[in-house]
Amino acid sequence: MRKALLMLILCPLAALSQQKPVLQEQYYINEDGKLYWHGKNPVYLFISESPDGKNLHRLKSEIHEDYTNPMYLDTEGVNYIRSNWAADSTLKQIQPRFELLFEVYRDSEAPRTTVSFEESPRYKNAEGEQYYGQGLKFKSKAIDNQSGVQKTFYSVDNNNFLAFTQDQDLNQDKAYDIKIYSADNTGNVEPIQMYQFRVDLTSPVSEYTVHNDRSGMIFSPRTYIKLQSVDASSGLNRVGYKIDDGPEKIFGDQINLSGLADGAHTIKYYGYDNVKNKEVDKVIEFYLDKTVPAVEATIVGDQYQNRGRVFVSTRTKVKLTAEDNKAGVKTIKYSIDGADHETYYEPFILDKTGGNHVITYYAIDKVNNRFDGKLEESNLSRSSLDIDMEAPEIKYEFTGSQYHSRDTAFVTSNSEIALAAIDGESGVKDLGYKINGGTGQQYTGPIKLEEEGFYTIDFYGTDQVNNRNTKSFFFVVDNTGPKVEHILSMEAVGKIILDEKDGQPIGVYSKGVKLFLGATDHVVDTDKVFYSLNGAPEVEYTRPVKIDTRGLVTYKVRATDKLGNSTTSDEVEIFVK
């Protein structure tokens with residue numbers, strides 16, 4: 001088989017800064033022996049009697065001289081050089097007759113090269129810019145209808161053209177400028193095809209911002225997260241994220257956290273560009289604190305609970321204690337009776353105004369979770385405090401024998417001293433007393449004092465919130481009656497001894513003698529004096545008693561003081577003649 005040699009001539013193309021192989025236009029004989037003639041080339045016919053082509057003679061047409069010297073093939077594809085009829089070596093025409101045809105194939109059309117960019121994601125933006133992702137392969141296929149494709153040539157980024165022998169991997173992150181064309185075996189060259197695009201192998205870069213309440217990486221239910229992502233090449237397609245390894249979600253406006261449980265969480269986020277480059281996962285680790293602070297309100301000092309009410313004193317303080325499970329307490333504020341809230345620093349005393357008070361308070365942690373409360377005990381039906389500013393009202397009372405002179409009270413050992421306390425708020429807790437500065441003791445009932453003398457009692461009443469009232473009083477215990485005195489109006493005129501009186505001498509007085517009576521009390525005034533003659537019933541003494549009865553006369557005298565203490569004299573015997 002014979003083939004024409006196609007000469008490759010390299011010529012510089014300054015405008016392209018690259019070299020393009022130049023092919024000479026030439027004929028070509030394929031493996032089947034078919035002759036392909038470049039369509040633009042002239043044809044000259046030569047004749048020879050020798051098969052080796054010696055003694056060649058160029059044929060010229062006398063009839064069609066203008067179109068045969070040279071001639072050109074008019075038909076793409078097969079053309080025929082004819083002789084009228086076929087004859088043998090005896091010059092005899094072959095029967096049946098047929099024309100002798102010499103085939104020559106005109107080839108004036110260049111090959112057509114088809115280019116494809118495969119095995120990679122692709123994207124074209126609004127401006128018409130083409131982008132490819134990872135795994136891009138540059139493929140080509142050329143076809144020619146006549147002599148066949150000789151070679152395909154390609155150039156990358158204005159470098160010299162090279163023969164395209166296999167698929168090309170375009171695996172650099174950059175802009176590409178691809179030129180490609182094919183030539184057939186007769187030297188027909190198709191126009192250069194040019195492709196400009198960018199291979200984008202770089203994933204987007206994403207970041208996050210946190211909005212609303214937070215303390216470091218401790219977030220609140222009101223916190224939301226925004227994701228931002230940029231891509232420097234094909235552009236951002238979307239941003240995805242996963243919460244706690246859950247399903248992927250596409251980021252929209254913001255990520256709300258209120259639906260998550262209290263505790264530790266992770267958010268993985270990443271960007272996709274328009275050619276499916278995916279960013280390596282970035283992770284946000286945070287703790288969602290949905291728990292409000294725990295606040296304990298306690299009453300420090302005087303307090304008493306009764307009938308659903310809490311009584312406190314002016315010395316009582318309110319203590320607020322707050323704890324937070326994670327973020328920590330930021331502030332505690334309180335209000336008394338609806339006033340402006342004040343910052344809590346230490347236990348505080350209530351307003352000195354008595355009556356019912358309501359304390360409200362709230363605590364905020366460092367991510368602004370807020371607890372609101374009122375001061376209340378678990379067993380109370382209402383959340384209020386009554387300030388008991390008044391001490392109990394206390395008093396004492398003597399019952400039984402008693403006598404008052406100026407500022408002094410006088411009683412007997414049979415008299416009783418009653419103490420009492422009344423409190424209209426929290427109620428009386430205890431009532432106690434001391435006698436003459438002695439040891440204090442609880443009052444349990446009426447007090448009696450046996451011994452005579454001057455006494456001072458200090459007593460006090462304390463209510464349930466330790467408001468105390470104290471008083472003192474003094475008095476005298478007098479159990480002794482008056483000293484009785486009796487005097488006769490004359491001296492005895494003599495003495496008489498009576499047998500029935502065991503020989504004891506008895507004074508003798510004249511008839512009509514008068515008996516004068518009296519009594520003296522060293523503590524209180526004498527109240528009354530009584531006398532009895534000869535065993536008769538007592539008679540109150542109001543004036544001297546005249547004795548007219550003759551014979552043995554007996555009398556007794558009894559005196560009482562203002563307390564009812566009494567003294568009775570011994571029986572006195574006289575003889576009246």
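The values are calculated or read from the model by the stated rules, or taken from the named source; none is laboratory data. Since the model is a prediction, treat every value here as computed from it, not as a measurement. In this analysis, Cβ positions are derived from the backbone assuming ideal geometry, glycine residues included, and neighbour counts consider all displayed protein chains. We work out accessible area using only protein heavy atoms, side chains counted, and drop any ligands, DNA or RNA first. Shrake-Rupley method; radii C 1.70, N 1.55, O 1.52, S 1.80 Å.
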- Message: Checking the structure you have, find out if any residue of segment 541-560 is in a strand (DSSP E or B), out of contact with any strand residue (DSSP E or B) (no Cβ under 6 Å at 6 or more places or on another chain) and not assigned by the TED database to the domain that holds LYS448.
- Response: yes
- Answer yes or no: is there a residue in segment 410-421 that is within 23 Å of ASP527 (Cα to Cα), open to solvent by 60 Å² or more (accessible area, probe 1.4 Å) and free of Cβ contacts under 8 Å to residues at least 60 places away in the same chain. yes
- Query: How many residues are in contact (Cβ under 8 Å) with a residue 24 or more places away in the chain, under 17 Å from ILE364 (Cα atoms) and surrounded by fewer than 18 Cβ atoms within 10 Å (Cβ to Cβ) when one looks only at segment 216-228?
  - Reply: 1
- Looking for whichever is modelled with pLDDT under 95, open to solvent by less than 30 Å² (accessible area, probe 1.4 Å) and under 30 Å from ARG406 (Cβ atoms) here; the options are VAL524, VAL529, VAL553, VAL557. Which one fits? VAL524
- Message: Being touching a residue at least 40 places away in the same chain (Cβ under 8 Å), hydroxyl-bearing (Ser, Thr, Tyr) and open to solvent by less than 90 Å² (accessible area, probe 1.4 Å) is the requirement here; does THR456 meet it?
- Response: no
- Task: Take segment 229-258 and flag every residue that is over 30 Å from GLN196 (Cα atoms), in a strand (DSSP E or B) and either modelled with pLDDT under 95 or open to solvent by 70 Å² or more (accessible area, probe 1.4 Å) (or both).
- Result: LYS242, LYS249, ILE250, ASN256
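Looking only at segment 97-133, how many residues end up being farther than 30 Å from TYR28 by Cα and in contact with a strand residue (DSSP E or B) (Cβ under 8 Å, 6 or more places away or on another chain)?
Adding up the residues that qualify gives 14.
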- Only one of (1) open to solvent by 70 Å² or more (accessible area, probe 1.4 Å); (2) under 25 Å from GLU390 (Cβ atoms) is not met by GLU451, so which one is it? (2)
- If you go through segment 95-102 one residue at a time, do you hit one that is open to solvent by 100 Å² or more (accessible area, probe 1.4 Å), closer than 20 Å to ASN188 by Cβ and charged (D, E, K, R)? no
- Task: Determine if segment 307-324 includes at least one residue that is open to solvent by 40 Å² or more (accessible area, probe 1.4 Å), in contact (Cβ under 8 Å) with a residue 40 or more places away in the chain, within 22 Å of the chain's Cα centre (by Cα) and over 30 Å from LYS124 (Cα atoms).
- Result: no
- Of (1) of a type in the set (D, E, K, R); (2) more than 18 Å from LYS282 (Cα to Cα); (3) in contact with a Leu (Cβ under 8 Å, 6 or more places away or on another chain), ARG214 satisfies every one except (3)
- The strands (runs of 3 or more DSSP E) lying wholly within segment 148-211 that contain at least 3 residues that are within 60 Å of the chain's Cα centre (by Cα) and not charged (D, E, K, R) are 174-184, 193-199, 205-211
- Note on the structure: Matching residues in segment 493-505 (touching a strand residue (DSSP E or B) at 6+ places or on another chain (Cβ under 6 Å), surrounded by 13 or more Cβ atoms within 10 Å (Cβ to Cβ) and in a loop (DSSP other than H, G, I, E, B)) number 0
- Task: Working only within segment 467-492, note down all residues that are assigned to a loop (DSSP other than H, G, I, E, B) and open to solvent by less than 90 Å² (accessible area, probe 1.4 Å).
- Result: ASN467, ASP478, ASN479, THR480, GLY481, PRO482, SER489, MET490, ALA492
- Note on the structure: Across segment 183-215, the tally of residues that are over 30 Å from ILE364 (Cβ atoms) and open to solvent by less than 50 Å² (accessible area, probe 1.4 Å) stands at 14
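Here's a check for you: in segment 107-129, which residue that is under 48 Å from the mean Cα position of the chain (by Cα) and surrounded by fewer than 14 Cβ atoms within 10 Å (Cβ to Cβ) is nearest to VAL78 (Cα to Cα)?
Taking the candidates together, the pick is LYS124.
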- Message: Could you check segment 337-365 and list, in sequence order, the residues that are within 26 Å of the chain's Cα centre (by Cα) and not in a loop (DSSP other than H, G, I, E, B)?
- Response: GLU342, THR343, ILE359, THR360, TYR361, TYR362, ALA363, ILE364, ASP365
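Please tell me if TYR132 is surrounded by 20 or more Cβ atoms within 10 Å (Cβ to Cβ) and under 28 Å from ASN274 (Cα atoms).
When the stated conditions are applied, TYR132 passes them.
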- Task: Might you let me know whether segment 428-445 holds any residue that is touching a residue at least 40 places away in the same chain (Cβ under 8 Å), assigned by the TED database to the domain that holds SER401 and part of a loop (DSSP other than H, G, I, E, B)?
- Result: no
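Kindly provide the set of residues from segment 79-94 that are open to solvent by 70 Å² or more (accessible area, probe 1.4 Å) and under 18 Å from SER61 (Cα atoms), ordered by number.
Correct list: TYR80, ARG82, ASN84.
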- Restricted to segment 381-397 and to residues being open to solvent by less than 20 Å² (accessible area, probe 1.4 Å) and assigned to a strand (DSSP E or B), the residue farthest from ILE299 (Cα to Cα) is ILE394
- Can you pull out the residues in segment 260-303 that are free of Cβ contacts under 8 Å to residues at least 60 places away in the same chain, outside any loop (DSSP other than H, G, I, E, B), open to solvent by less than 60 Å² (accessible area, probe 1.4 Å) and assigned by the TED database to the domain that holds GLY246? GLY263, HIS265, THR266, ILE267
